[in-house]
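*Asks:* Take this structure first; my questions come after.
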Amino acid sequence: MKNILIVADGIVAKYFLERLFVARNNAHHYTVIAMDEEIFGGENLENFTFYRFDPTSFDRLKQVVSGYFSQFMIMLKDGFETVSVYNNLRQISKKTEILMLDLWGLGGLEDDSHLTVLDGRGIVTARLMDYLPDIPVVADNVGLGQGEIMEVKVPVGSSFMYRHISSITQKKWRIAMVYRGSNFMIAKPNLMILPNDVLLIVGEPSVLLSVFRSVKKETGQFPSPFGHNTYLFLDMRAMGEEACLRLLEQSLKLHEKLNSKRLYVKVVNPTLNLAYEKLKSVGDERVAVTFDFFGRGVEQIKDDVFKNDVGLIVTDNKFFSAHKRMLFELKRPVTTIGRGDADEIKKGVILSSGFGDEIENQSAVIMDCCAQLDTQISLYHFGALSGGEGAEEHFDSLSKIFGRKVEIVEDRNINPILKLKNEQNLLQFVPFTKKISKKDAFATFSNDMNRLYARLSDNYQIFIPIN
């Protein structure tokens, strides 16, 4: 049995003792010192001893604390009295653990390794913050209390909803539990996250804050979470006047259609022609054009992308083919413009040879792009649809995400690329994997439809980096 001393006064102490009386933990003995007799309650409890006197009196306090106590607790309504009682107790015992409630921001006690200060203001503030929308709820009294345990509610429209846990890249953090209504489920790879689920996540505090923002991000945010701005690189000498004009025109249209904050245009090797005059005239608050007369070349793209918070890069097929390894290393979506016009895109297209996490990994970007461009979405599958109920569940969920029917075209005999070859005004979503970034002489013999992306390069294509 442990002996615990409680020095109590005020409304907080009164409510604490009321709860302690109800708990009736007979394993320990509690000695309570207070000035107000009402704080003692009306019950006679065998494991409680009550004293009524001023605890700031050292002599009176020493008489009561003459025996051994494993812990002192100080809960008073006055800051001066709190410090006075602490000093008295520390004179009586140098090493007894003291828990002190601080409602005033008391300082100067940091050197006491046997003292725990409970910041009452911080606790109340944290609880009030918990009831505000879109504020991270962290475990203050579990683990280190530094925010390494957090819960976050999945809103309707979140990029996390209708995704299996296995499809979500979790580096330096993990989904531990999923709460759904009054039930909880241990996180398993095949568990699908639904709207209004509450996720219990653990990991590095700084990482969890980023995860919180990602979960709360709703549709209509692309190019976020990759970045907030769009980027266009023009080499006027290598690309030519006509190509530069077309790239600028289509970039401006995509910038207006998508939730892009700003379009950054970097121009190297400026040439005096119609494209140059057009570039000089488009600059405003949302379009920034920079001319580089020193010809640093493509090596400056990396610096531009990270410095300007770029989330989408726009280019053409020729530049993409020549520099796709460098573009892959940027880990940003890249859009290549087709022969048509961005205003005429009618359908988003996904090609698949087998159901897997890649499709789910792309679903948030697909959802955003198609919603903002107001296009339908079709998934073309070559061969038997694998994945069983999990695949069907995911495709059905994609329909809910888009708010429209997702067309699933399945054919075991005809390659979908042959079907789409003669179609126009498509936007193909291609997972930007390491294989795509390399020269692929054997792509023709592969059953991976995305490795044959060049067959559909007359249309618009967006290459999405896969974690």
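*Asks:* Would you compute, from DSSP H runs of 4+ residues alone, the mean residue ellipticity of the chain at 222 nm, taking -39500 (n - 2.57) per run and dividing by the full residue count, rounded to the nearest 500?
*Replies:* Numbers: 14 runs with 147 residues, N = 467.
Calculated mean residue ellipticity at 222 nm is -9500 deg cm²/dmol.
*Asks:* Work from the charge dipole of the chain (Cβ charges, +1 for Lys and Arg, -1 for Asp and Glu, about the Cα centre) and give the residue of 453, 142, 464 farthest towards its positive end.
*Replies:* The listed residue farthest towards the positive side: 453.
*Asks:* With labels modelled as points extended 7 Å from the Cα through the Cβ direction, what inter-label distance (nm, one decimal) is found for residue 302 paired with residue 118?
*Replies:* 5.3
*Asks:* If you roll a 1.4 angstrom probe over the protein chains with everything in place, what fraction of the accessible area of the chain belongs to carbon and sulfur, to the nearest %?
*Replies:* The C+S portion of the solvent-accessible surface of the chain is 51 percent.
*Asks:* Nearest-5 percent of antiparallel DSSP beta bridges in the chain? Could the numbers behind the result be given before it?
*Replies:* Details: 22 of 87 bridges.
Bridges in the chain are about 25 percent antiparallel.
*Asks:* Related question: What net charge do the residues around residue 427 carry, taking every other residue with its C-beta under 10 Å from that of residue 427, with Lys and Arg at +1 and Asp and Glu at -1? Spell out each step's value before the answer.
*Replies:* Values: positive: 346, 347; negative: none.
Combined, the nearby Lys, Arg, Asp and Glu give +2.
*Asks:* Could you tell me the distance between the Cα centroids of the range 192-245 and the range 17-94, to the nearest Å?
*Replies:* 56
*Asks:* Between residue 242 and residue 47, what length comes free when the chain is fully extended (0.36 nm per residue of separation minus the Cα-Cα distance, one decimal in nm)?
*Replies:* Details: separation 195, 0.36 × 195 = 70.20 nm, distance 9.02 nm.
In short, 61.2 nm is gained.
*Asks:* So, one more: In the neighborhood of residue 264, defined by Cβ-to-Cβ distances under 11 Å, what is the net charge if each Lys or Arg adds +1 and each Asp or Glu adds -1?
*Replies:* Working: positive: 261, 262, 266, 286, 307; negative: 304, 309.
Result for the local shell: +3.
*Asks:* If you don't mind, another one. For log10 I(q)/I(0) by the Debye sum over Cα atoms at q = 0.09, 0.13, 0.14 Å⁻¹, one of [x] -0.90, -1.40, -1.44; [y] -0.59, -1.30, -1.51; [z] -0.73, -1.14, -1.28 was computed from the structure I shared and the rest are decoys. Which label?
*Replies:* Derived directly from the coordinates: [z].
*Asks:* If I take R0 = 56 Å and measure r between the Cβ atoms of residue 423 and residue 139 in this structure, what FRET efficiency does the formula 1/(1 + (r/R0)^6) give, to the nearest 0.05?
*Replies:* Details: r = 53 Å, r/R0 = 0.94.
The pair residue 423/residue 139 has a calculated efficiency of 0.60.
*Asks:* Please compute the length gained on full extension between residue 129 and residue 407, using 0.36 nm multiplied by the number of residues separating them and subtracting their Cα-Cα distance.
*Replies:* Details: separation 278, 0.36 × 278 = 100.08 nm, distance 4.32 nm.
Full extension of this stretch gives 95.8 nm more.
*Asks:* Roughly how many Å² is the accessible area per residue of the chain, as a whole number, for a 1.4 Å probe?
*Replies:* 52
*Asks:* Between residue 18 and residue 344, what is the label-point separation in nm under the 7 Å Cα-to-beta-carbon projection?
*Replies:* The modelled label-to-label distance comes out at 7.5 nm.
*Asks:* Related question: Going by alpha carbons, how many degrees (0 to 90, nearest 10) lie between the helix axis of 388-402 and the longest principal axis of the chain?
*Replies:* For 388-402 against the chain, the angle is about 90 degrees.
*Asks:* Contour minus end-to-end for residue 58 and residue 291, with contour as 0.36 nm per residue of separation and end-to-end as the Cα-Cα distance?
*Replies:* On the way: separation 233, 0.36 × 233 = 83.88 nm, distance 7.82 nm.
Residue separation times 0.36 nm, minus the Cα-Cα distance, leaves 76.1 nm.
*Asks:* If you fit an axis through the alpha-carbon atoms of helix 357-373 and take the longest principal axis of the Cα set of the chain, what angle between them do you get, 0 to 90°, nearest 10?
*Replies:* 70
*Asks:* With angles folded into 0 to 90 degrees, how steeply does helix 120-130 sit against the dominant principal axis of the chain? Use alpha carbons for both and round to 10.
*Replies:* Roughly 40 degrees between the two axes.
*Asks:* Rounded to the nearest 0.05, what FRET efficiency do residue 171 and residue 257 have when you use their Cβ-Cβ distance and R0 = 41 Å? Present the calculation step by step, with values, prior to reporting the outcome.
*Replies:* Numbers: r = 32 Å, r/R0 = 0.78.
It comes out at approximately 0.80.
*Asks:* Oh, and also: Which entries of 2/95; 153/253; 266/302; 302/439 show an alpha-carbon separation above 23 angstrom in the structure shown? Display every interim value, and only then the final one.
*Replies:* Numbers: 2/95 16 Å; 153/253 35 Å; 266/302 12 Å; 302/439 21 Å.
Table pairs above 23 Å Cα-Cα are 153/253.
The values are calculated or read from the model by the stated rules, or taken from the named source; none is laboratory data. Source: prediction; values computed, not measured. Positions of Cβ are generated from backbone atoms using ideal geometry, with glycine treated the same way; all protein chains shown enter the neighbour counts. Remember, those area values only see protein heavy atoms, side chains included, never the ligands or the DNA or RNA. Shrake-Rupley method; radii C 1.70, N 1.55, O 1.52, S 1.80 Å.
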